[in-house]
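Inspection log for the structure reproduced underneath, given as structure tokens.
The values are calculated or read from the model by the stated rules, or taken from the named source; none is laboratory data. Here the structure is a predicted model, which means the values were calculated and not measured. Every residue, glycine among them, receives a Cβ derived from its backbone with ideal geometry; neighbour counts consider all protein chains shown. Each accessible area value is taken on the protein alone, full model and side chains, heavy atoms only, with ligands, DNA and RNA left out. Shrake-Rupley method; radii C 1.70, N 1.55, O 1.52, S 1.80 Å.
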Amino acid sequence: MWAFLRSVRTNPIYLREQGRWGEPNRYYATMMRYLPLVLLLILGLSVFCGYGQLTTLLGLGDAGGALFALICIPNIIIQMITWVGIIIAPALTAPSIVEELDRGSWDILRLTPMPTTHIIFAKLLGGLSRLRIWIILFITSIIYAAAVGLGSIFLLESTAGGGGLGWGLTTIVMTLIRPWVEIGFAGLAGLTLSLWTHSARAALIGSYALVLVYRIILAPVAWGVTAALLVENGFEAAAFGAGTLAINVLYLITGFFLTLALRRRAKALDAGESVYE
Amino acid sequence: MSAIIEISDLTKQYGTFTALDNLNLQIEEGAVFGFIGPNGAGKTTTMRIMTTLLKPSHGEAKIDGYSVLTHPNEVRRLIGYMPDFFGVYDDMKVWEYLDFFAACYDIPESQRKGMIGDLLDLVDLGHKHDEMVESLSRGMKQRLCLARTLAHDPKVLILDEPASGLDPRARIEMRELLRELQNMGKTIFFSSHILSEVADICTNIGIMEAGKLVAHGDIEQMRQQLQVSRLIQVRMIGDTAPLKDILMAEEKVREITDGREVELTPDIVRFDFVGDDVELSQLLHQLIEKKIQLISFSEEVGDLEDVFMQATKGVVS
């Protein structure tokens, strides 16, 4: 798998998903036509998700007020970019294999010397790489993670009497990776569900339902429960970092099971199971 | 010549349903093998196993000595497969389609441009180089798909119904193309429903029915295997009654028909003969000895349809 990842940028399936040969994804093309509407929707969702953090920070008093500009503005941007990612990612990945199966070209791809799992992961990564958000996401994430992490270190050292460095670094890392984890999760959900439902449309609806449930219900619950436990045990200032850690763990565990399901499907396809049988 | 395709005891079951039942077959290098049979006979299942796309329940297939079970990657490099559902990418240009698959087979970019031109010329699509695939006719798409199977220069071509759905002109073009590929030394294994086409181009045929290979070989061998009777037509001077008497006394002669019964002239007699060439020659000698005034004595050559009808019983699995 490592060798595959190192050479993925020259993999023809990866390059095809990026649009080097034709336009492989009509869902993506359609979505790009409605981009202004998508962005409006994303703005609304981002403000909705950022609102909770705004009130939390302001509730911390002067320190929270001082961090507002460094944290809230990058956070709103990250929220927006993440929403762009999780809305577009399933549209990039869900049709990628199902359309090959429908068209009858999947068998032809399988006869190339590439293993089926490589074809599937090249499609996943190639699809996700079409999201032109990675650089801006990386820069904003660094500003945001540094501000949140350094704020946590400062708060923990000054109010909890130590342990700030460890939690601060945890906060930085977890905050940095969270949008990537969420977008990757959305893309993976789209691809996995498409292989089980044999329908790009059903996979899109399913993956949107899944990411909305995780983002709007399960992630805040995981954050809230972790933070409440820490507050109860006197670690108020560590709540933010640990909450973000809990969210990432939640996504990674589900992502792990989605990957297992994807591999299982890949093996079944490799054994000659086909929608045409 | 050595066998490039070896199939032994190949069986495929889906639960209790047997799609392919103990198939044994050997095909020599350079042969054009026509695989015929009704729908559901097991032709596509056989081809999917040969191409490593499907795992058999029992038995194995080898291509150029490599087992599809233990050396699938080697087999994939040796074969070019065109499914009946030929799967082209409508969103690409014609040259992009070939370029993409050539890249998938690790052909360096520097070699691809010239190779694409050659392949398009071979399938007579050179003038469509920059056209979108979706603008091509069905026959052109079929030929493009065939060009794709040749991108990595395989030794064996496995083509599932290559002429299916094509108009008469496109069928003729496809047949000519297959002949050209045969001249290039490719071994071609293809399935078809169109018996006349198979007869025109194949060096060997196999007839499948209900998952079983009911006959295989060249058409002449198969007629012998199946003991298909030979239709002999005799024309003579004078009354045909003495001729009929001699024929009726012959053990190998069946069903004598007078020319008038089959809208021919009264001086003609037809009969079915189940013997071999030596016995037929002896019969001719006997007629001459008995002073039958023969004008002609000839065999009406049976076609592939006769062999097919004789071999199959109309059973569909």
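When the solvent-accessible area of chain B is split by element, carbon and sulfur atoms take up 47 percent of it, the probe being 1.4 Å. Ligands, DNA and RNA are left out, and with a 1.4 angstrom probe the accessible area of the protein assembly as shown is 46 Å² per residue. A run of chain B free of exposed loop cleavage sites, with trypsin sites (Lys or Arg not before Pro) counted only in DSSP states other than H, G, I, E and B and at most 15 other beta carbons within 10 Å, reaches its longest extent at B:1-289.
Taking the Cα centre of chain B as origin and assigning +1 to Lys and Arg Cβ atoms and -1 to Asp and Glu Cβ atoms, the resulting dipole is close to 580 debye. Highest mobility in the GNM of chain A, judged by mean-square fluctuation with C-alpha springs under 10 Å and restricted to A:232, A:157, A:17, is found for A:232. Take every Cα pair under 8 Å whose residues are at least 6 apart in sequence, average their separation, divide by the length of chain A, and the relative contact order is 21 percent.
Each residue of region B:167-173 was assigned a 3J(HN,Hα) from its phi angle through the Karplus expression (A = 6.51, B = -1.76, C = 1.60, θ = phi - 60°), giving 6, x, 5, 5, 5, 4, 4 Hz with x at Gly and Pro. Within 10 Å of the Cβ of each residue in B:42-52, the mean number of Cβ atoms contributed by other protein chains is 2. What does DSSP give for the protein assembly as shown in terms of the percent of beta bridges that are antiparallel, rounded to the nearest 5? Around 70 percent antiparallel, to the nearest 5. Taking the dipole about the Cα centre of chain A, with the C-beta of Lys and Arg at +1 and of Asp and Glu at -1, give me whichever of A:27, A:193, A:213 is farthest to the positive side. Farthest towards the positive pole: A:27. Would you mind finding the longest exposed-site-free stretch of chain B, with exposed GluC sites (Glu not before Pro) meaning DSSP loop and at most 11 other Cβ atoms within 10 Å? By the stated rule (loop sites, at most 11 other Cβ atoms within 10 Å), B:1-250.
Straight-line reach from residue B:290: taking Cα to Cα under 29 Å and skipping same-chain neighbours fewer than 8 places apart, the lysines in range are B:244, B:252.
Largest first, the extents of the alpha carbon coordinates of region A:100-142 on the three principal axes equal 43, 20, 10 Å.
Taking a span of 24 Å or more along the helix axis (Cα atoms) and a mean Kyte-Doolittle hydropathy of at least 0.5 as the rule, the DSSP H helices of chain A that qualify are A:35-59, A:62-103, A:134-155, A:164-197, A:239-270.
Chain A contacts chain B over a buried accessible area of about 2500 Å², both sides summed; the probe is 1.4 Å and only protein chains count.
If the chain linking residue B:14 and residue B:278 were pulled fully straight, counting 0.36 nm for each residue of separation and taking away their Cα-Cα distance, it would gain 90.2 nm. Across region A:8-13, coupling constants 3J(HN,Hα) worked out from phi with the 6.51/-1.76/1.60 Karplus curve, θ = phi - 60°, read 5, 5, 10, 6, x, 5 Hz, and Gly and Pro carry x. Accessible-area loss of 30 Å² or more (1.4 Å probe, protein heavy atoms, chain alone versus all protein chains) is found in region A:1-40 for A:12, A:16, A:20, A:21, A:22.
Amide H to amide H, with H built 1.01 Å from N, residue B:159 comes under 5 Å of B:82, B:189, B:190, B:191, counting only residues 5 or more places away or on other chains. Using a probe radius of 1.4 angstrom, the carbon and sulfur fraction of the accessible surface of chain A is 72%. What residues in region A:98-116 lose 40 Å² or more of accessible surface when the other protein chains are added to their chain alone (1.4 Å probe)? Correct list: A:103, A:107, A:108, A:110, A:111, A:112, A:113. Note that region B:111-118 has calculated 3J(HN,Hα) couplings of 8, 5, 4, x, 5, 4, x, 4 Hz, one per residue in order, obtained from phi through the Karplus relation 6.51 cos²θ - 1.76 cosθ + 1.60 (θ = phi - 60°); glycine and proline are x.
Of all DSSP beta bridges confined to chain B, the antiparallel ones make up roughly 70%.
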